[in-house]
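The values are calculated or read from the model by the stated rules, or taken from the named source; none is laboratory data. Here the structure is a predicted model, which is why all the values come from computation and not from measurement. In this analysis, Cβ positions are derived from the backbone assuming ideal geometry, glycine residues included, and neighbour counts consider all displayed protein chains.
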């Protein structure tokens, strides 16, 4: 697979205390472990099994993901932004790798 | 059952749908407007002309999709094809091969140098031979960069063609079909009307005579290529034009041509011309 | 101990074996629900699923679930061989107890969402999503 690249979308602006919509996407095959290759062998499972988002050190969402989540997992949720701070997004791969993205967010 | 546009054919479609598949309702919308991120308006209905005497109007495949699939293409964040386009943008600036050069080194910013390239593909090269975008990319790699050719439908190639096509998004399809291109175009047209396989179906049987109908629970479109490269939900990945042609011919239970074959280049030129005036959507989302 | 599916297969012989997939699936769904609720009652109000009535391809079905006040939501695809889809835990930084994602559905089926509310009670809902076979043209 090509390089893993997380994508994050936050609104352009928000006021302190607002709840904002956060969208995330990461390129990943989410290999379910149920498919077979052309030789008839089962392709081993390799998925993103967990995703977390924190803002200013406070947990927003913690998701346990199963193979039924589509390839290139997309997650959308809402976060409260009491003050300016940093978002930290983390994806956990079955293969032990952890992908992190951070995004500063300014409130007005 | 040729027009998608009038409300009456819409009703017919629903009836055909129930008859053919038993699925109760679906919601392709012939009047939908394709606007990307609320800003960029794309042309999904274009007037027909002498190239397509049997089509009253030209329709992008986007119009035939369900609302959820359509919506996925209307937002660049939600469009999974953008992941490939971004990977292509990285490849554009990455040096490769014995010459140690990147695409950027010669072509500069793709936003300028590649704008309009998709809209005019395929076209004749300097030797008068019809080439697809993949051919141009691989020629630069092997002849100019001293790098290995990419596989026609490999990740690198589909990422790169996605990125290059994006630079033409919103431009009208406009391919040269006269002069030295004419023999290729005629070859492509002949293929389009050739009945293939055990089912004895031509491209036209499905995409000209039957669009708007359901086939195996799939809404038949006009089989336009203005949306390519396409992110197919089925593949969870980018599909090239030739890959799609191959699948369509295989569905008629016929022996098919190879990706990158002369036959598919000619067919690509002809099918591209059938979409003249439609916006390049590259990169689109299809089931 | 015999599981329910063993009992079926042993007790009823061939005809039961033919029925097995549905029974096994029902078991798996029951198991998934029980794993989340511990067998507690579930109210049938307060959870909303938004999903297409017809999905053009089961590989990528957009879905969102909203359960005001929930601390945790689990999504279950009742017709998938492995019904669990995901479990979402909302922290103090969550602006709403909602999440939207894209899921794989093997066939037409009910998708179920169960929410655990702040008071420890549970609520659930289910919607049917028709999955068209589609995928013509390769």
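Could you list, in sequence order, the residues of region B:89-102 that are outside any strand (DSSP E or B) and under 18 Å from residue B:142 (Cβ atoms)? Outline the logic, then answer.
Applying the first criterion (outside any strand (DSSP E or B)) to region B:89-102 yields B:89-95, B:97-100, B:102.
Passing the criteria: B:91, B:92, B:94, B:95, B:97, B:98, B:99, B:100, B:102.
Being within 13 Å of chain C (Cβ to nearest Cβ), crowded, with 21+ Cβ neighbours inside 10 Å and not in a helix (DSSP H, G or I), is that true of even one residue in region B:276-285?
First pass over region B:276-285, keeping only residues within 13 Å of chain C (Cβ to nearest Cβ): B:285.
If we keep only those that are crowded, with 21+ Cβ neighbours inside 10 Å too, we end up with B:285.
If we keep only those that are not in a helix (DSSP H, G or I) too, we end up with B:285.
Looking for residues that are within 13 Å of chain C (Cβ to nearest Cβ), crowded, with 21+ Cβ neighbours inside 10 Å and not in a helix (DSSP H, G or I), one finds at least one in region B:276-285, hence yes.
Quick check on region C:54-66. Is at least one of its residues more than 14 Å from chain B (Cβ to nearest Cβ), touching a residue at least 12 places away in the same chain (Cβ under 8 Å) and surrounded by fewer than 21 Cβ atoms within 10 Å (Cβ to Cβ)?
At the first step, the residues of region C:54-66 found to be more than 14 Å from chain B (Cβ to nearest Cβ) are C:65-66.
Next cut, touching a residue at least 12 places away in the same chain (Cβ under 8 Å) only: C:65-66.
Still in the running and surrounded by fewer than 21 Cβ atoms within 10 Å (Cβ to Cβ): C:66.
Taking every residue of region C:54-66 in turn, at least one turns out to be more than 14 Å from chain B (Cβ to nearest Cβ), touching a residue at least 12 places away in the same chain (Cβ under 8 Å) and surrounded by fewer than 21 Cβ atoms within 10 Å (Cβ to Cβ).
Sort out which residues of region B:232-266 are more than 14 Å from every other protein chain (Cβ to nearest Cβ), under 18 Å from residue B:173 (Cα atoms) and out of contact with any strand residue (DSSP E or B) (no Cβ under 6 Å at 6 or more places or on another chain), and write them in order of number.
Answer for region B:232-266, where residues must be more than 14 Å from every other protein chain (Cβ to nearest Cβ), under 18 Å from residue B:173 (Cα atoms) and out of contact with any strand residue (DSSP E or B) (no Cβ under 6 Å at 6 or more places or on another chain): just B:266.
Looking only at region C:36-47, decide whether some residue is within 14 Å of chain B (Cβ to nearest Cβ) and either crowded, with 22+ Cβ neighbours inside 10 Å or at pLDDT 95 or above (or both).
To start, the set of residues in region C:36-47 that are within 14 Å of chain B (Cβ to nearest Cβ) comprises none.
The answer is no, given that none of the residues of region C:36-47 is within 14 Å of chain B (Cβ to nearest Cβ) and either crowded, with 22+ Cβ neighbours inside 10 Å or at pLDDT 95 or above (or both).
I'm trying to understand the selection: among the residues of region B:46-69, which are more than 14 Å from chain C (Cβ to nearest Cβ), touching a residue at least 60 places away in the same chain (Cβ under 8 Å) and not in a loop (DSSP other than H, G, I, E, B)? I'd like the intermediate steps shown before the answer.
We begin by selecting, within region B:46-69, every residue more than 14 Å from chain C (Cβ to nearest Cβ); these are B:46-60.
Filter once more, keeping what is touching a residue at least 60 places away in the same chain (Cβ under 8 Å): B:46-47, B:49, B:51-52, B:54-55, B:58-60.
B:46, B:47, B:58, B:59, listed by residue number.
Inspect all residues belonging to region B:206-229 and state whether any of them is part of a helix (DSSP H, G or I), touching a residue at least 24 places away in the same chain (Cβ under 8 Å) and over 30 Å from residue A:72 (Cα atoms).
The initial filter retains those residues of region B:206-229 that are part of a helix (DSSP H, G or I), namely B:206-207.
Add one more test, that the residue is touching a residue at least 24 places away in the same chain (Cβ under 8 Å), and what stays is B:206.
Add one more test, that the residue is over 30 Å from residue A:72 (Cα atoms), and what stays is B:206.
Scanning region B:206-229 turns up at least one residue that is part of a helix (DSSP H, G or I), touching a residue at least 24 places away in the same chain (Cβ under 8 Å) and over 30 Å from residue A:72 (Cα atoms).
Before we move on, is residue C:95 facing chain A (nearest Cβ under 7 Å), farther than 14 Å from residue A:69 by Cα and assigned to a strand (DSSP E or B)? Show your work before the answer.
Details: facing chain A (nearest Cβ under 7 Å): yes; farther than 14 Å from residue A:69 by Cα: yes; assigned to a strand (DSSP E or B): yes.
Here the answer is yes, as residue C:95 does meet what is asked.
Could you tell me whether residue B:80 is farther than 26 Å from residue B:273 by Cα and either within 14 Å of chain A (Cβ to nearest Cβ) or at pLDDT 95 or above (or both)?
Details: farther than 26 Å from residue B:273 by Cα: yes; either within 14 Å of chain A (Cβ to nearest Cβ) or at pLDDT 95 or above (or both): yes.
Yes, satisfied.
Based on this model, can you work out whether residue B:260 counts as assigned by TED's automatic domain parsing to the domain that holds residue B:203, surrounded by fewer than 20 Cβ atoms within 10 Å (Cβ to Cβ) and within 13 Å of residue B:130 (Cβ to Cβ)?
Working: assigned by TED's automatic domain parsing to the domain that holds residue B:203: yes; surrounded by fewer than 20 Cβ atoms within 10 Å (Cβ to Cβ): yes; within 13 Å of residue B:130 (Cβ to Cβ): yes.
Criteria met by residue B:260.
Hey, can you tell me all the residues within region C:80-98 that are modelled with pLDDT under 95 and surrounded by fewer than 20 Cβ atoms within 10 Å (Cβ to Cβ)?
Answer for region C:80-98, where residues must be modelled with pLDDT under 95 and surrounded by fewer than 20 Cβ atoms within 10 Å (Cβ to Cβ): C:81, C:82.
For region B:209-231, which residues satisfy the criterion of being surrounded by fewer than 20 Cβ atoms within 10 Å (Cβ to Cβ) and either in contact with a strand residue (DSSP E or B) (Cβ under 7 Å, 6 or more places away or on another chain) or closer than 30 Å to residue B:79 by Cα (or both)? Give the steps one after another, and end with the answer.
Quick first cut of region B:209-231, residues surrounded by fewer than 20 Cβ atoms within 10 Å (Cβ to Cβ) only: B:209-210, B:213, B:215-216.
Passing the criteria: B:210, B:213, B:215, B:216.
Report yes if residue C:28 is touching a strand residue (DSSP E or B) at 6+ places or on another chain (Cβ under 8 Å) and more than 14 Å from chain B (Cβ to nearest Cβ), otherwise no.
So residue C:28 does not fit the description; no.
Can you work out which of the residues in region B:103-158 that are within 14 Å of another protein chain (Cβ to nearest Cβ) and part of a helix (DSSP H, G or I) is surrounded by the most Cβ atoms within 10 Å (Cβ to Cβ)?
Among residues in region B:103-158 that are within 14 Å of another protein chain (Cβ to nearest Cβ) and part of a helix (DSSP H, G or I), the one surrounded by the most Cβ atoms within 10 Å (Cβ to Cβ) is B:158.
Within region C:39-65, work out how many residues are closer than 11 Å to residue C:124 by Cα and either in a loop (DSSP other than H, G, I, E, B) or under 15 Å from the mean Cα position of the chain (by Cα) (or both).
Restricting attention to region C:39-65, the residues satisfying the condition of being closer than 11 Å to residue C:124 by Cα are C:41-49, C:65.
So of that shortlist, the ones also either in a loop (DSSP other than H, G, I, E, B) or under 15 Å from the mean Cα position of the chain (by Cα) (or both) come out as C:41-42, C:44-49, C:65.
The total comes to 9.
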